[in-house]
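The structure under discussion appears below in the form of structure tokens.
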Amino acid sequence: MAIPAAAMGPSALGQSGPGSMAPWCSVTSGPTRYVLGMQELFRGHSKTREFPAHSAKVHSVAWSCDGRRLASGSFDKTASVFLLEKDRLVKENNYRGHGDSVDQLCWHPSNPDLFVTASGDKTIRIWDVRTTKCIATVNTKGENINICWSPDGQTIAVGNKDDVVTFIDAKTHRSKAEEQFKFEVNEISWNNDNNMFFLTNGNGCINILSYPELKPVQSINAHPSNCICIKFDPTGKYFATGSADALVSLWDVDELVCVRCFSRLDWPVRTLSFSHDGKMLASASEDHFIDIAEVETGDKLWEVQCESPTFTVAWHPKRPLLAFACDDKDGKYDSSREAGTVKLAM
């Protein structure tokens, strides 16, 4: 059964402590001019701001395609949308209607007014920020934990805890296809060309299906343990996966080969995000920092300090601004801290 990344701890992911470098991974060394320049920029400007968003843990953050808004989904059953004003987030609206936790959300790839939420209440909901209303509720068969919108904007894919992925027509809001998988499905994504569909699974594999045929194309043994998350870079050159082995692996989209690994995290990698230009990769875990790496070399650019595990990260689509959310309230940490905040770094 698939487990939402936000609910995963080390024990849930089959790991009880720091990870180790896999033998097939290598990292290049020697800082480039870009690395030195970005390190200098982060040193001079790096700061983190917190913004109250929810009454419970935030599971997902995502930027609209134009970068004007940030949406967040929470354990408190709501979604929130903020307007970005310079380096500040101003709460615009709260979106209520789900009967269970909002585990993941995403925006329409080209319409900055629409976003969709996936919930454990066995529905997905499509929202329009212009009306602040739910414009469609689609019933699904299981408790939904992950969701993505196809690059052409025509289809929404949603995965549930029973490893069923449902493909929903974004205009008619009807199911177009449904696939039951025999392995634990963690995160799902189309490639940028919209002709392949990728799934990460509990066996450490990346499964690739043709789209829209949904025929198996390839299964890649990517990691020795649970493969949790996957992200494609905006340029279409690479995709990255994060695993319970604490490694992030970078893959060539065309060759489907691992070209690089990032190994500075010690705990299962829960969340990934590429910067708008594809040059930086943010990755986060139980570690109390977010690793910022240069994609082409693997060099460390910066780390964003956190006081608790990080569930979700998202680079702004046009500038070096990182949104993220942490496990604010947990018995192991400072229980006086307000839960449900979203944060901006840089």
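Miscellaneous remarks
- Carbon plus sulfur fraction of accessible area for segment 99-194, probe 1.4 Å, in percent: 40 percent
- Of the Cα atoms belonging to segment 74-175, the radius of gyration and Dmax stand at 13.2, 42 Å.
- Cα gyration tensor shape for segment 69-112, rounded if a/c is under 1.5, else prolate or oblate: oblate
- Probe 1.4 Å - accessible area at Asp287, Å² to nearest ten: 10 Å²
- Solvent-accessible ranking of Met196, Met280, largest area first, probe 1.4 Å: Met196, Met280
- Cross-linked pairs Lys215/Lys300; Lys86/Lys141; Lys133/Lys318; Lys122/Lys279; Lys182/Lys279; Lys91/Lys231: Cα-Cα separations exceed 30 Å for Lys215/Lys300; Lys86/Lys141; Lys122/Lys279; Lys182/Lys279.
- Ratio Rg/Rh, restricted to segment 115-167 and using Cα atoms, in which Rh is the Kirkwood radius: 0.97
- With all protein chains modelled, accessible area of Glu307 [1.4 Å, Å²]: 120 Å²
- Gln180/Val253 FRET efficiency (R0 30 Å; Cβ-Cβ; nearest 0.05): 0.65
- Karplus (6.51, -1.76, 1.60) ³J(HN,Hα), θ = phi - 60°, over segment 251-262, in Hz, Gly and Pro reported as x: 10, 6, 4, 6, 8, 6, 10, 7, 9, 6, 10, 10
- Kirkwood-Stokes translational diffusion coefficient of the chain, alpha-carbon pairs, 4 °C, 1.567 mPa s, µm²/s: 65 µm²/s
- Cα gyration tensor shape for segment 189-262, rounded if a/c is under 1.5, else prolate or oblate: oblate
- Comparing segment 207-346 with the 2.2 N^0.38 Å rule of thumb, its C-alpha radius of gyration ratio is 1.09 (two decimals).
- Gyration tensor verdict on segment 262-309 (Cα atoms; rounded if a/c is under 1.5, prolate if a/b is larger than b/c, oblate otherwise): prolate
- Cβ-derived FRET efficiency at R0 41 Å, Asp162 paired with Thr132, nearest 0.05: 0.80
- Magnitude of the charge dipole, the chain, Cβ model with Lys/Arg +1 and Asp/Glu -1, debye to 20: 840 debye
The values are calculated or read from the model by the stated rules, or taken from the named source; none is laboratory data. Values in this document were obtained by computation on a predicted structure and should not be read as measured data. Note that we place each Cβ from the backbone using ideal geometry, even for glycine, and neighbour counts take in every protein chain shown. For the accessible areas, the whole protein counts, side chains as well, though only heavy atoms, and no ligand, DNA or RNA atoms are used. Shrake-Rupley method; radii C 1.70, N 1.55, O 1.52, S 1.80 Å.
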